[in-house]
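The values are calculated or read from the model by the stated rules, or taken from the named source; none is laboratory data. Given the structure is predicted, the values throughout are model-derived calculations rather than measurements. A quick note on method: Cβ atoms are made from the backbone with ideal geometry, for glycine too, and the neighbour counts reach across all protein chains shown.
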Amino acid sequence: MSKDLHQLSRPKGSLLFGNTVDFASDPLGFLTHCAQAYEEMVPLRFLFSRACLLTQPEHIDQVLKQPELFTKNTPAWQAVRSLVGDGLLTSEGAFWSRQRRLTQPVFHQQRIAAYGETMVLYTERLLQTWQDGDVRDIHQDMMQLTLNIVTKTLFNVDMSGVAAQTIAQTLEVAMEWFTSRRKQAFLPLTGLPTAINRRYKQALQTMDQTIYALIQQRHQSKDDPGDLLSLLLQAQDEDGSRMSDRQLRDELTTLILAGHETTANALSWVWMLLAQNPAVESKLARELQTVLGDRAPTLADLPQLRYTEQIIKEALRLYPPLFSLARSPVRDCDLAGYRIPAGRILLFSPWVMHRSARYFAEPLQFQPERWEQDLEKQLPKGVYFPFGDGPRVCMGKSFALMEAVLLLATIAQKCQLMLLPDQQLTPLPSMTLRPQTGIHVRVAKRTTVN
Ligand code: HEM
């Protein structure tokens with residue numbers, strides 16, 4: 001006989017709003033506090049929505065491994081849907097399964113191997129514009145660079161000038177809109193003509209024009225570059241029908257968003273952590289000098305760039321770009337002996353799990369060395385999951401890891417980035433975990449390795 005969630009202790013909230021105010025004002029702090037102060041499941045209430053925070057790895061693992069039972073039908077995912085529509089990230093059931101099958105080949109190891117050259121080339125182009133002593137917002141640089149790489153590799157488009165700016169601006173507004181929705185406990189207030197709602201609607205329209213123009217161009221072109229866009233255009237249902245332009249728009253928007261925002265954030269936090277930890281930075285420089293000397297990295301170097309990879313893993317542990325995930329059961333079910341009613345929002349947070357002293361020694365310290373002995377394999381499932389897990393694990397995981405290592409190696413080989421003093425380096429928990437006011441650095445072109 002399953003137990004009732006009511007039996008579990010929970011953080012006191014206000015009579016009307018429940019835990020909304022605490023969550024909205026400091027989601028990272030609130031979730032961390034709940035995981036530390038209460039039991040394995042923590043019932044929560046956000047105004048009218050009931051939720052439950054999972055803090056046991058085996059529960060998280062069970063939820064991630066059963067996407068048919070635990071779906072993404074939650075307010076937070078609905079908010080993401082307003083931006084990306086019914087693309088791979090947000091669709092469900094047979095439709096998602098078909099789209100995933102169809103898109104998978106583009107992410108096969110051999111295929112993404114070919115993208116390595118573009119990643120390094122685009123990074124070198126960016127470096128050519130940097131002068132010794134320059135002050136830069138490295139977060140903006142990473143956003144621009146990863147956007148250019150994802151559109152070139154997946155859609156064979158050089159996204160520059162106005163189009164790139166349109167996408168960047170839409171994302172800025174979308175993040176602001178998403179943060180404001182979280183603060184309203186995801187109440188469906190999107191219809192109200194508030195300033196931010198209006199700006200968001202306008203930004204979506206402008207971005208749609210850019211994406212539809214890209215689709216149109218390809219419809220008219222005779223070339224078949226064999227990229228993801230060609231694959232999607234050629235895909236046919238059993239009845240011979242093809243994807244509508246609306247569906248193509250959703251998939252393209254999804255991959256542009258998922259394919260650059262996350263990696264850019266991960267790399268931004270890497271630069272901050274390196275600047276704060278000079279011993280790690282020097283060790284990285286030595287690895288790059290030993291493995292690469294003066295030549296640019298290639299795919300073949302990846303197995304030797306072990307410390308570089310450990311830095312990425314460690315930064316993803318401390319600053320997971322998707323800091324919290326959510327699912328909801330389609331029917332009443334049992335989880336760890338508790339009855340979970342259909343529709344209950346289940347929250348679980350990489351931020352919380354990755355910083356737990358139960359699984360990581362000195363959890364708040366940046367220690368890439370902890371990944372030396374294949375720690376990832378030794379950890380229980382559901383502890384370290386920056387890319388999610390189960391059938392809906394990030395489709396771009398290998399792409400992203402390869403990109404992060406190549407970009408880090410290419411830049412760190414040539415430059416050292418130093419943080420400007422007196423800046424607040426606060427993570428803003430929006431749709432992703434972004435640095436709230438960017439990360440401002442001074443560039444020192446490398447002459448010798450320390
Ligand atoms: C450091 C970089 C990245 C991180 C941390 C990351 C993280 C994640 C996570 C946590 C999920 C699962 C969400 C959930 O289950 O609720 C996910 C899904 C997804 N990611 Fe990534 N991602 C990254 C890069 C990329 C890249 C480069 C691409 C594409 C080029 C991509 C495409 C996708 C797609 C399509 C999904 C949806 C998969 C599905 O539901 O079938 N991601 N990502």
* Within region 270-290, is there a residue that is in a helix (DSSP H, G or I), within 11 Å of the ligand (Cβ to nearest atom) and either under 14 Å from the mean Cα position of the chain (by Cα) or at pLDDT 95 or above (or both)? -> yes
* Asked: So which pairs qualify, if the first residue must be in region 52-74 and within 22 Å of residue 97 (Cβ to Cβ) and at pLDDT below 95, the second must be away from the ligand (no atom under 12 Å from the Cβ) and hydroxyl-bearing (Ser, Thr, Tyr), the Cβ gap must be under 9 Å, and the two must be at least 6 apart or on different chains?
  -> 74/49
* Asked: Which residue out of 299, 347 is at pLDDT 95 or above and surrounded by 15 or more Cβ atoms within 10 Å (Cβ to Cβ)?
  -> 347
* Structure fact -> From the option list 146, 253, single residue qualifying as of a type in the set (S, T, N, Q), within 16 Å of the ligand (Cβ to nearest atom) and under 14 Å from residue 83 (Cα atoms) is 253
* **Contacts under 9 angstrom Cβ, first residue in region 436-450 being under 11 Å from residue 412 (Cα atoms), partner modelled with pLDDT of 95 or more and among the hydroxyl-bearing types (Ser, Thr, Tyr), 6 or more apart** => 449/282
* If only one of 148, 156 is in contact (Cβ under 8 Å) with a residue 60 or more places away in the chain and in contact with an Asp or Glu (Cβ under 8 Å, 6 or more places away or on another chain), which one is it? -> 156
* Could you identify the single residue in 153, 166, 123 that is modelled with pLDDT under 95 and either within 16 Å of the ligand (Cβ to nearest atom) or surrounded by 20 or more Cβ atoms within 10 Å (Cβ to Cβ) (or both)? => 153
* Asked: Looking at region 84-102, is at least one residue more than 13 Å from the ligand (Cβ to nearest atom), at pLDDT 95 or above and under 20 Å from residue 385 (Cβ atoms)?
  -> no
* Please work out if residue 366 is in contact with an Asp or Glu (Cβ under 9 Å, 6 or more places away or on another chain), in a loop (DSSP other than H, G, I, E, B) and under 23 Å from residue 26 (Cβ atoms). => yes
* Does residue 268 satisfy the criteria of being under 30 Å from residue 309 (Cα atoms) and of a type in the set (Ser, Thr, Tyr)? -> yes
* Structure fact -> In region 336-366, anything among the polar types (S, T, N, Q) and within 16 Å of the ligand (Cβ to nearest atom) is listed as 349
* Residues in region 298-305: is at least one closer than 17 Å to residue 123 by Cα and not in a helix (DSSP H, G or I)? -> yes
* Report yes if some residue within region 97-104 is closer than 27 Å to residue 327 by Cα, without any contact (Cβ under 8 Å) to a residue 12 or more places away in the chain and aliphatic (A, V, I, L, M); otherwise report no. => no
* Is it the case that residue 374 is more than 11 Å from the ligand (Cβ to nearest atom) and among the acidic types (Asp, Glu)? -> yes
* For residue 334, indicate whether it is closer than 25 Å to residue 394 by Cβ and either surrounded by fewer than 19 Cβ atoms within 10 Å (Cβ to Cβ) or in contact with a helix residue (DSSP H, G or I) (Cβ under 7 Å, 6 or more places away or on another chain) (or both). => no
* Return a yes/no flag: does region 192-211 have any residue that is hydrophobic (A, V, I, L, M, F, W, C) and either within 16 Å of the ligand (Cβ to nearest atom) or at positive phi (or both). => yes
* Every pair of residues 6+ apart whose Cβ atoms lie under 9 Å, when the first sits in region 261-287 and is in contact (Cβ under 8 Å) with a residue 24 or more places away in the chain and over 22 Å from residue 146 (Cβ atoms) while the second is surrounded by fewer than 19 Cβ atoms within 10 Å (Cβ to Cβ) and of a type in the set (Lys, Arg) -> 285/446
